Amino acid sequence: MQRYYFDHNATTPVAPEVLDAMLPYLRDVYGNASSIHNFGQQARLGVETARRQVASLLGCAPKDVVFTSGGTEADNLAVFGTVRAIHDRERHVITSNIEHPAVLNACEQLEREGAAITYLPVDSDGLVSVDDMSAALRPETALISIMHANNELGTIQPLAEISKIAVEAGVRFHTDGVQSCGKIPTRVKELGVDFFSLSGHKFYGAKGAGALYVRKGLQLEKVQYGGHHERDRRPGTENVPGIVGLGAAAELAEKHLVVEGERITALRDRLELDVLERIDECRVNGRGAPRVPNTTSIQFDHVEGEALLIALDLRGCAVSSGAACSSGAVEPSHVLIAAGLSRDQAKSTLRFSLGRQTTGEHTDALVKALIEVVSHLRALSPAYSKSAA
Ligand code: PLP
């Protein structure tokens, strides 16, 4: 059976160019990048080349890039590192209630440590309001952490406007750029951020390598303790092959950003139109906001998203649902609930995230499978027969 992958926001395949760049570092260049001898120096060269490649994508100086194990660690380093550096006064953080758990759960931990957190609501497109942001500021606000693009809706937050508020108030500004990096421009100076998190496996790098941009001169409290790697900001022997892959992925992303962005936007828009025209009672979430090119979140009324996901998988289409299994129960996504969907609407939502290999043939196959599967599942649904009667 031909298989089609529409879950690029979960992870992407490693690009062939990335694998080629990594292989020598898995096979031959095995030195520790901190070692002084030639083996170590070769590994160091790979790491520093990657730092320049990531810096070029972000439009920053290479020394402002701190390599981490991925997006979660980069988010934790920014959030804990900034807030825990303040010891002598009350601490307050502003974030949103649609952040990834890497930020939300870090904030919850800070609450347990005595910090106050404001979780901003979002509108039906998943956008925070800058007025809410201004109103939430307090003299003791230490950090604003608002994601760049949301992983489920794809909506892009107004970072430049938030940045103005942060600068005026003298507050540090972190953005989780894990779902925007490699998809839309992410030049940190234009975004106006102090910290930017990214993760290689979301843009055709390998899993286990990411980075945090830290604006020059900013203080970060240590989150992990160990050696003095990464200019004393992140201890631990560098994952040299992963970092080299991240660098290669960044270079590729920079090269293809515009053309690939236009191609995927056209594919995504056509997919949405086809679905809306050919399947009744469905809705695209977040359609009124600017979105990253590859993501669409679609609600199929009267269908259980999990059942839809499984039926699509059996027809070769891999997608993601608006619900996640937590402690044995299927819970609707916090993002969709925050955007105003009911529990049932959230549970009948699927996320389709396209990527570099996706073609029109793939999306046509998806639409065909969706038409069949949705009508089959609705035929079995008592709620649908009632509403159709
Ligand atoms: N932030 C966002 C918005 C994400 O989508 C993800 C992963 O899904 C992460 C952070 C975590 O990244 P990683 O898997 O590299 O830890």
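The values are calculated or read from the model by the stated rules, or taken from the named source; none is laboratory data. Just so it is clear, the structure is predicted and the values come from calculations on it, not from any experiment. Positions of Cβ are backbone-derived with ideal geometry, glycine not excepted, and every protein chain shown enters the neighbour counts. With ligands, DNA and RNA removed, areas are computed over all heavy atoms of the protein, side chains included. Shrake-Rupley method; radii C 1.70, N 1.55, O 1.52, S 1.80 Å.
In summary, strands (runs of 3 or more DSSP E) completely within the stretch 305-380 and bearing 3 or more residues that are open to solvent by 10 Å² or more (accessible area, probe 1.4 Å) and outside the structural domain of H100 (by TED's automatic domain parsing) occur at 323-326, 329-332. Here V223 meets each of (1) over 15 Å from P62 (Cβ atoms); (2) open to solvent by less than 10 Å² (accessible area, probe 1.4 Å); (3) of a type in the set (A, V, I, L, M); (4) touching a Lys or Arg at 6+ places or on another chain (Cβ under 9 Å) with one exception, condition (2).
Would you be able to say whether some residue in the stretch 126-143 is out of contact with any helix residue (DSSP H, G or I) (no Cβ under 9 Å at 6 or more places or on another chain), among the β-branched types (V, I, T) and more than 28 Å from A206 (Cβ to Cβ)? Checked against the condition, which is being out of contact with any helix residue (DSSP H, G or I) (no Cβ under 9 Å at 6 or more places or on another chain), among the β-branched types (V, I, T) and more than 28 Å from A206 (Cβ to Cβ), the stretch 126-143 yields no hits at all.
Given the criteria modelled with pLDDT of 95 or more, charged (D, E, K, R) and in contact with a Phe, Trp or Tyr (Cβ under 8 Å, 6 or more places away or on another chain), does R172 qualify? Yes, satisfied. The residue that is surrounded by the most Cβ atoms within 10 Å (Cβ to Cβ), counting only those in the stretch 47-56 that are out of contact with any Pro (no Cβ under 9 Å at 6 or more places or on another chain) and among the aliphatic types (A, V, I, L, M), is A50. Residues in the stretch 25-46 that are within 29 Å of the chain's Cα centre (by Cα) and surrounded by fewer than 20 Cβ atoms within 10 Å (Cβ to Cβ): 3 in all. Quick check: anything in the stretch 236-251 open to solvent by less than 20 Å² (accessible area, probe 1.4 Å), in contact with a Leu (Cβ under 6 Å, 6 or more places away or on another chain), at pLDDT 95 or above and in a helix (DSSP H, G or I)? Yes. Just one of the numbered conditions (1) in contact with a Phe, Trp or Tyr (Cβ under 6 Å, 6 or more places away or on another chain); (2) under 16 Å from V83 (Cα atoms); (3) of a type in the set (S, T, Y) is not true of Y213: (2).
Yes/no per residue for (1) assigned to a helix (DSSP H, G or I); (2) of a type in the set (G, A, S); (3) in contact with a helix residue (DSSP H, G or I) (Cβ under 8 Å, 6 or more places away or on another chain):
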{"residue": "L19", "(1), (2), (3)": "yes, no, yes"}
{"residue": "A33", "(1), (2), (3)": "no, yes, yes"}
{"residue": "V47", "(1), (2), (3)": "yes, no, yes"}
{"residue": "L77", "(1), (2), (3)": "yes, no, no"}
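Restricting the first member to the stretch 70-97 and to residues that are over 21 Å from T11 (Cβ atoms), and the second to residues that are within 12 Å of the ligand (Cβ to nearest atom) and in a helix (DSSP H, G or I), the beta-carbon pairs closer than 7 Å and six or more apart or on different chains are V79/V103; V79/A106; F80/A106; T95/V103.
Among the residues making up the stretch 257-302, those that are exposed (fewer than 15 other Cβ atoms within 10 Å of the Cβ) and assigned to a helix (DSSP H, G or I) are V258, V259, E262, A266, D269, R270, L273, L276, E277, R278.
Scanning for something more than 17 Å from the chain's Cα centre (by Cα) and within 16 Å of the ligand (Cβ to nearest atom), does the stretch 100-108 turn up at least one residue? The answer is yes, given that some residue of the stretch 100-108 is more than 17 Å from the chain's Cα centre (by Cα) and within 16 Å of the ligand (Cβ to nearest atom). Once the stretch 148-170 is narrowed to residues that are hydrophobic (A, V, I, L, M, F, W, C) and open to solvent by 10 Å² or more (accessible area, probe 1.4 Å), the residue that is nearest to the ligand (Cβ to nearest atom) is I156.
Yes/no matrix, rows are residues, columns are (1) of a type in the set (A, V, I, L, M, F, W, C); (2) in the same structural domain as G59 (by TED's automatic domain parsing); (3) in contact with a helix residue (DSSP H, G or I) (Cβ under 6 Å, 6 or more places away or on another chain); (4) within 29 Å of G31 (Cα to Cα):
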position: G170; (1), (2), (3), (4): no, yes, no, no
position: G210; (1), (2), (3), (4): no, yes, yes, yes
position: V223; (1), (2), (3), (4): yes, yes, yes, yes
position: G227; (1), (2), (3), (4): no, yes, no, yes
position: N239; (1), (2), (3), (4): no, yes, no, yes
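Look at the stretch 284-295: where a residue is closer than 15 Å to R263 by Cβ and a partner is among the hydrophobic types (A, V, I, L, M, F, W, C) and open to solvent by 10 Å² or more (accessible area, probe 1.4 Å), sitting 6+ places away or on another chain with Cβ atoms under 7 Å, you get V292/I156; V292/I184; P293/I264; N294/I264. Among the residues of the stretch 59-80, write down those that are open to solvent by less than 10 Å² (accessible area, probe 1.4 Å) and more than 16 Å from the ligand (Cβ to nearest atom). Result: no residue meets the conditions.
With the structure loaded, tell me whether M1 is surrounded by 18 or more Cβ atoms within 10 Å (Cβ to Cβ) and among the aliphatic types (A, V, I, L, M) or whether it fails that test.
Numbers: surrounded by 18 or more Cβ atoms within 10 Å (Cβ to Cβ): no; among the aliphatic types (A, V, I, L, M): yes.
The answer is no for M1.
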